[in-house]
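J.: First the structure, which I've put down as structure tokens, then a few questions once you've had a look.
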Amino acid sequence: MRYVSTLGGVPSVSFSEAIAVGPAPEGGLFVPESVPRAASLATDSLAVIAARAIRPFLEGDALERAVHQLCQDAYAFPAPVVPAGPDTEVLELFHGPTLAFKDFGARFLAACLSQRRGGARTVLVATSGDTGGAVAAAFHRRPAIRVVLLFPLGRISERQRKQLSSFGDNVSAIGVRGTFDDCQRIVKQAFADRALEAEHGLTSANSISVGRWLPQVAYFASASIEHCAKFGEPAGIVVPSGNLGNGAAACLAKRMGFPIREVVLAFNENQAVPEYFQTGEYRPRPAVATPANAMDVGDPSNFERLRWLYPKRHELLREVSAVSIKTPKILATIRDTYRRLGLVVCPHTAVGLAARESRSGSFIVAATAHPVKFEEIVEPLVGRRIDVPEALEALLCRPATHSEMNPTLDELRERLALRPS
Ligand SMILES: *Cc1c(COP(=O)(O)O)cnc(C)c1O
């Protein structure tokens, strides 16, 4: 399988080459040249179904032979499906080390990069909170990889800051005196600086990397196969969406032929994509803040991948829909879900559950994070404390250290030149 850019114009590359560079040259996103068909719909463990689903994407690549091992490593924790009311199930994607679905993709990418031959790489990531922790946990102590995380000082939660700055070793966290947009800008400038890129072997671990995006197909494949085996018919899938990586992966799983009836992309008040479904016009906006803050994205970067999956608009509208959920409804859904079912959900998962209410048929709703990560919002609504899982407790107890810098490429250049201690 070869990889091409959504913008076209650059020669195709192998999977290993695509993950070594992150974004495609000229700012496009890598996508596979074609959509492979699912080879088997037999039930099995998550790691085995993952290997079956992912193997065609590695065909002909140096990593193809390692696919089972990569999947054992990345899918080392469960993704259980739990009932959540009539015709509704929740797919819990938050049992990894940082309690969010991003752990799966980050671990797969980390496993791939540490198998890869060739020199050491520096993974450079701008984070508004959750991505940094997942990437730090996934890459911690992997050989020949160094991780540099940039986060906006004072603009992420205390728990998020601890999560990403308590690893140490090959992971450095840098607090930038500025906003998330400043962090993202310097990261983009660093990738555009050929000399800097070559000197440090820079690569990305954001969802624009195919190595983080493609493995997300696996849990949708597995959950849809399970559901079909149990109930004899395919379920729809609801995906709480921000940058649209996870949602586009669910669409890819459907296009591959896994038994998914339809995909519902659930957004908060950032509604560029729902508007596109209505009008056919895509108009990105500045992000607005909501309680589902990991989904506060005004211009989702994976939108290009959705367009690539559905070049024909009528096919997109037949298989996929998009809904926007307002903030009061998010809060009411957290409260009502606890009252009716005794189930405590995070604000992102609540967006998904609210979107499910507007649809008929059986649905699997992706639960993207553990509610304890958003306890300031969730605890007052459900009127009780949420227990902190052991894995997080252990992490929060470790000493956390970060350095600080001004938001300029020159300062980043200096930091990169320092070897980690
Ligand atoms: C990142 C994130 C999302 C959004 O996922 P995308 O792939 O960016 O659409 C939703 N919920 C949580 C908890 C997240 O961390």
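J.: Could you work out the mean projected area of the convex hull around the alpha carbons of the chain, in square nanometres to one decimal?
T.: 18.7 nm²
J.: Counting only helical runs of four or more DSSP H residues, what would the 222 nm mean residue ellipticity of the chain come to if each run contributes -39,500 (n - 2.57) and the total is spread over all its residues?
T.: When only DSSP H runs of four or more count, the value is -12500 deg cm²/dmol.
J.: Counting Lys and Arg as +1 and Asp and Glu as -1, each charge on the Cβ, what is the dipole of the range 176-277 about the Cα centre in debye, to the nearest 20?
T.: 200 debye
J.: So which trypsin sites (Lys or Arg not before Pro) in the range 26-67 pass both tests, a DSSP loop state and at most 13 other Cβ atoms within 10 Å of the Cβ?
T.: For trypsin sites (Lys or Arg not before Pro) across the range 26-67 that sit outside H, G, I, E and B with at most 13 neighbouring Cβ atoms in 10 Å, the list reads R37.
J.: Counting only other residues whose beta carbon sits under 12 Å from that of G342, what net charge do I get with K and R as +1, D and E as -1?
T.: Here the charged neighbours net out to +2.
J.: As an exercise, identify the trypsin sites (Lys or Arg not before Pro) in the range 90-172 lying in DSSP coil whose Cβ has no more than 13 other Cβ atoms within 10 Å.
T.: Of the trypsin sites (Lys or Arg not before Pro), the ones in loops of the range 90-172 whose Cβ has at most 13 other Cβ atoms within 10 Å are R117, R141.
J.: In the chain, what % of DSSP beta bridges are antiparallel (nearest 5)?
T.: 20 percent
J.: Kindly identify the range 271-365 as rounded, prolate or oblate by the Cα gyration tensor criterion: order the square roots of the eigenvalues as a ≥ b ≥ c, call it rounded if a/c is under 1.5, otherwise compare a/b with b/c, prolate if a/b is larger, else oblate.
T.: Verdict is oblate for the range 271-365.
J.: For a test of understanding, tell me how many lysine pairs in the chain have Cα atoms under 18 Å apart, given they are 8 or more places apart or on different chains.
T.: 4
J.: Separate question: Compute, for the chain, the length of the dipole vector about the Cα centre, with Cβ point charges of +1 (Lys, Arg) and -1 (Asp, Glu) only. Units Debye, rounded to 20.
T.: Here the size comes out at about 200 debye.
J.: Now a separate question. Test of understanding: in a Gaussian network model of the chain with alpha carbons linked when under 10 Å, which of V365, V388, V378 would top the mean-square fluctuation ranking?
T.: V388
J.: Further question on the same structure: For the range 252-299, run through the GluC sites (Glu not before Pro) and keep only the ones in DSSP coil with at most 12 other Cβ atoms within 10 Å of their Cβ.
T.: Filter output for the range 252-299: E281.
J.: Taking the DSSP beta bridges in the range 48-193 as the whole, what percent of them are antiparallel, to the nearest 5?
T.: 20 percent
J.: Separate question: Answer rounded, prolate or oblate for the range 1-87, using the Cα gyration tensor with square roots of eigenvalues a ≥ b ≥ c: rounded when a/c is under 1.5, else prolate when a/b is larger than b/c, else oblate.
T.: Prolate shape, in that a/c is at least 1.5 and a/b is the bigger ratio.
J.: Which FRET efficiency value, to the nearest 0.05, is calculated for I386 and D336 with the Förster distance at 22 angstrom and r the Cβ-Cβ distance?
T.: E(calc), rounded to 0.05, equals 0.80.
J.: At 0.36 nm per residue, and after removing the present C-alpha to C-alpha distance, how many nm does the segment from D410 to R177 gain when stretched out fully?
T.: 82.5 nm is the gain from fully extending D410 to R177.
J.: Need one word for the range 134-253: rounded, prolate or oblate. Basis is the Cα gyration tensor (sqrt eigenvalues a ≥ b ≥ c); a/c below 1.5 gives rounded, then a/b vs b/c decides.
T.: Taking the square roots of the gyration eigenvalues as a ≥ b ≥ c, the range 134-253 is prolate.
J.: Once you keep just the Cα pairs under 8 angstrom separated by 6 or more residues, what percentage relative contact order results for the chain?
T.: Result for the chain is 18 percent.
J.: Place +1 on the Cβ of every Lys and Arg and -1 on the Cβ of every Asp and Glu in the chain, take the dipole about the Cα centre, and give the residue among G352, S222, L93 whose Cα lies farthest towards its positive end.
T.: Result: S222, furthest along the dipole toward the positive end.
J.: Using only Cα atoms, locate the centre of the range 1-61 and the centre of the range 272-313, then give the distance between them in Å, rounded to an integer.
T.: Each part's Cα centre sits 22 Å from the other's.
Computed from the coordinates by the stated procedures, all read-outs in this text should not be read as laboratory data. Since the model is a prediction, treat every value here as computed from it, not as a measurement. Positions of Cβ are generated from backbone atoms using ideal geometry, with glycine treated the same way; all protein chains shown enter the neighbour counts.
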